[in-house]
1. Kindly indicate whether residue 143 is of a type in the set (Ser, Thr, Tyr), under 20 Å from residue 98 (Cα atoms) and part of a helix (DSSP H, G or I).
2. Tally up the residues in the range 117-140 that are part of a helix (DSSP H, G or I) and touching a helix residue (DSSP H, G or I) at 6+ places or on another chain (Cβ under 8 Å), please.
3. Looking only at the range 15-40, count every residue that is touching a helix residue (DSSP H, G or I) at 6+ places or on another chain (Cβ under 7 Å) and surrounded by 24 or more Cβ atoms within 10 Å (Cβ to Cβ) and tell me the total.
4. List every residue pair whose Cβ atoms sit under 8 Å apart, with the two residues 6 or more apart in sequence or on different chains, where the first one lies in the range 49-73 and is at positive phi and the second, anywhere, is at pLDDT below 95 and hydrophobic (A, V, I, L, M, F, W, C).
5. Output the qualifying pairs, or none if there are none: Cβ atoms under 7 angstrom, residues six or more apart or on different chains, first residue in the range 99-111 and loosely packed, with under 15 Cβ neighbours inside 10 Å, second residue at pLDDT 95 or above and not in a helix (DSSP H, G or I).
6. Out of contact with any helix residue (DSSP H, G or I) (no Cβ under 6 Å at 6 or more places or on another chain), closer than 26 Å to residue 133 by Cα, modelled with pLDDT of 95 or more and not hydrophobic (A, V, I, L, M, F, W, C): does that describe residue 5?
7. Answer yes or no: is there a residue in the range 113-123 that is closer than 17 Å to residue 181 by Cβ and not hydroxyl-bearing (Ser, Thr, Tyr).
8. Among the listed residues 83, 67, which satisfies the condition of being over 30 Å from residue 285 (Cα atoms), buried (at least 20 other Cβ atoms within 10 Å of the Cβ) and either within 22 Å of the chain's Cα centre (by Cα) or not basic (Lys, Arg) (or both)?
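The values are calculated or read from the model by the stated rules, or taken from the named source; none is laboratory data. In this text, all values refer to a predicted model and were calculated from it rather than measured experimentally. In this analysis, Cβ positions are derived from the backbone assuming ideal geometry, glycine residues included, and neighbour counts consider all displayed protein chains.
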Amino acid sequence: MPVVDRPRRSALYMPASNARALEKAKGLVADMLIFDLEDAVAPDAKNAARDAAVDAVDSGAYGQRELLIRANGLDTSWAVGDLQAIAKSKSNGVLVPKVSSVDDVTQVDAILTAAGAPADFPIWAMMETPRGILSADSIAQASPRLAGMCIGTADLSKELQCVHPADRAPMVVSLQLVILAARANGLVVLDGVHVELNDAEGFEAACRQGRDLGFDGKTLIHPNQIDGANAAYAPSPEDIEYAHRLIAAYQEAEAKGAGVTTLDGRLIEVLHVAEAKRLLAKADMISALSQNAVA
């Protein structure tokens, strides 16, 4: 499915069982909120959390933010009920944990369809198992509903039986495979969480690494991480100024009949112009989203 190109710098997981957190989220500047029914919710609170998440996304109280609900895994007794409820909600999509195969996606698609979800209701896949990583390209093509992929680095490190250092070196190949699959199939792709809340330096480095690898944004576990992710994944004033100069330089060369030119000693071709225009469009969308944020 075509994915609307909008800012997804920060995607904050919110426990749907925590009414205070849901209320606080109305004033947060995250681009995306993910109301969680899975890891953050105790078994005896699952059904109430489902109702709370649906009420939240249906409330219209979160402004222009993109709202997802993370369902429980397909191997649980709550999954079908979650998907049926989400299908009837105003959520911007469902995030499915531990997607490991094409069959996982087609099963979710079938449940959503049977529950009356619109044909373009988005599915997002959590990529956090070795089988899922190795099947990333097939998964990315499994359904027209598939809109994005989120890396689950905490579960992935456990499954790989590797350490989880700040630089994620043991998982970089896995991250790149998912990015490749997402880009090859026109999907959004979000980086995993940084679990060390007192490690500001490590978080900043992880944001830079994710941005440089090609992620669209980062999933978060605490509101204190929002500003750092927003800053890391937004074009800087210097980036914006350079993009304007690049476009102007190319247009000037094009008017003279040249297909290439140079700027600050760098060769400029049409592909660089396209990237500069994409960067400026992203900056405009970020500005618009900020202006429409809920106070």
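1. no
2. 9
3. 6
4. 63/293; 63/294
5. Partner pairs satisfying both residue conditions: 106/142; 106/143.
6. no
7. Checking the range 113-123: at least one residue is closer than 17 Å to residue 181 by Cβ and not hydroxyl-bearing (Ser, Thr, Tyr).
8. Every option except 83 fails the conditions.
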